[in-house]
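Heads up, the thing below is written out as structure tokens.
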Amino acid sequence: DTGVSQDPRHKITKRGQNVTFRCDPISEHNRLYWYRQTLGQGPEFLTYFQNEAQLEKSRLLSDRFSAERPKGSFSTLEIQRTEQGDSAMYLCASSLVNASPLHFGNGTRLTVT
Amino acid sequence: KNEVEQSPQNLTAQEGEFITINCSYSVGISALHWLQQHPGGGIVSLFMLSSGKKKHGRLIATINIQEKHSSLHITASHPRDSAVYICAVETQIRGSQGNLIFGKGTKLSVKP
């Protein structure tokens with residue numbers, strides 16, 4: 001078990017470009033969460049999956065954001081037409097079921113110039 | 001008003017001191033998590049609790065469901081405890097069991 005891994009660790013992109021991040025959860029974990037964290041703030045919930053089903057999306061997740069978990073294993077988070085306000089750390093976490101310990105990845109830091 | 005409030009925001013302590021970080025919340029919860037975040041972003045889960053008290057090494061977490069309050073205590077603090085400590089609650093609102101609401105964190109610095 002190598003824990004939750006995220007790729008890439010850092011991404012610098014120009015405004016208007018599309019970016020895609022990947023998260024590989026712990027293999028037996030059913031739940032996968034995406035969060036966004038800006039400097040000095042706690043993480044904000046974006047969306048979560050139970051297996052391949054996307055069960056909830058935050059109001060923060062505009063139509064430029066889309067997340068998938070096609071086979072209930074890894075997940076991708078895509079941001080289209082990036083804006084400078086999208087610059088943040090994007091964190092992925094996984095857990096077995098609800099109300100069980102969360103395991104976080106190291107995050108992907110996005111900088112939009 | 002945030003649904004999860006932590007205090008203090010910043011805390012500086014001398015090595016060896018007993019530390020308490022507080023978390024208050026205003027929503028119904030199914031569980032409360034204490035997380036530790038080091039510079040560079042990595043987050044580690046310290047505790048998940050829904051009642052009572054848990055202890056792991058020098059760390060103790062308590063929760064009072066009636067008062068909607070939790071505390072994280074660090075005994076015999078050490079410079080390696082320096083990190084941001086985040087409280088997060090799993091809410092019962094909107095029928096969601098996946099929506100964690102996070103506090104803004106408490107930045108702890110332990111001086112040698």
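Each value in this text was obtained by applying a stated rule to the coordinates, not by laboratory testing. All values derive from a computational prediction rather than experimental measurement. Here the Cβ is made from the backbone with ideal geometry for all residues, glycine too, and neighbour counts use every protein chain on show.
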(request) Could you list, in sequence order, all residues of segment B:17-33 that are among the aromatic types (Phe, Trp, Tyr) and within 18 Å of B:Leu100 (Cα to Cα)? (result) B:Tyr25
(message) Just to be sure I understand, how many residues within segment B:65-95 are within 11 Å of chain A (Cβ to nearest Cβ) and among the small types (Gly, Ala, Ser)?
(response) 2
(request) Among the candidates A:Gln54, A:Gln41, single out the residue that is within 14 Å of chain B (Cβ to nearest Cβ), more than 20 Å from B:Phe102 (Cα to Cα) and without any contact (Cβ under 8 Å) to a residue 40 or more places away in the chain. (result) A:Gln54
(message) If I filter segment A:99-111 for residues that are farther than 21 Å from A:Gln41 by Cα, within 14 Å of chain B (Cβ to nearest Cβ) and of a type in the set (Ser, Thr, Tyr), do I get at least one hit?
(response) yes
(request) Tell me which residues, restricted to segment A:61-98, are touching an Asp or Glu at 6+ places or on another chain (Cβ under 6 Å) and within 14 Å of another protein chain (Cβ to nearest Cβ). (result) A:Arg69
(message) Can you list the strands (runs of 3 or more DSSP E) lying wholly within segment B:1-60 that have 1 or more residues being without any contact (Cβ under 8 Å) to a residue 24 or more places away in the chain?
(response) B:43-49, B:52-56
(message) Looking at A:Glu78 and the list (1) crowded, with 16+ Cβ neighbours inside 10 Å; (2) in contact with a Ser or Thr (Cβ under 7 Å, 6 or more places away or on another chain), which single condition is not satisfied?
(response) (1)
